[in-house]
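Report on the structure given below.
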Amino acid sequence: MQDGVPAHTASRTQEWCTNNMPTFWAKGEWPGNSPDLNPIENLWSILQEKLNEMKPSTNLNQLAENLKNDWRDINPLILENLVARMPASIDKCIQLKGGYIGK
C-alpha cells in the first residue's frame, strides 16, 4: 500500500512497481481512507491496546523499549491472519463500491 508521499508517487517508483509487482495498484487506484484494507492499521491498533494496558513511560528510552517488547510479543499467527484476510477484504470493498467494510 502506498500513500501520497513523493517517494511513493514518483514516476520512477510507479514504473518500477508496475514492472515488478504483478498485483500492483498504481497511485489513485487504492480506495481513499481505507484502513480496513491495510493490515498495518490493525497491527497498530493491537500495539496501541498493549501500550494502553501498561504503566505510562517516564522517558523516551523507556517508551521505545516498551514498544519493542510489545512488538516482539505479537503472535506471528496474528500477522498471518491479517495478511490472509486481505483478498476477502478487497472483494468485500469491491462489492461495497469502496464503502467501509467494518468488522
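Readers should treat all values here as calculations from the given coordinates under stated rules, not as data from a laboratory. The structure displayed is predicted, hence computed values, not measured ones. Positions of Cβ are backbone-derived with ideal geometry, glycine not excepted, and every protein chain shown enters the neighbour counts.
Brief remarks follow.
- Each of residue 38 and residue 90 was given a label point 7 Å from its Cα along the Cα-to-Cβ line. The distance between the two points is 1.7 nm.
- Net charge in the neighbourhood of residue 65 (other residues with Cβ under 14 Å of its Cβ; Lys, Arg +1, Asp, Glu -1) is +2.
- The calculated 222 nm mean residue ellipticity attributable to helices in the chain amounts to -18000 deg cm²/dmol, summing -39500 (n - 2.57) over DSSP H runs of n ≥ 4 and dividing by all residues.
- Shape call, the chain: gyration tensor on alpha carbons, a/c limit 1.5: prolate
- A simple spin-label model places the labels of residue 81 and residue 63 2.9 nm from each other, with each point 7 Å out along Cα-to-Cβ.
- Crossing angle, helix 60-73 versus the chain [Cα axis fit, 0-90 degrees, rounded to tens]: 70 degrees
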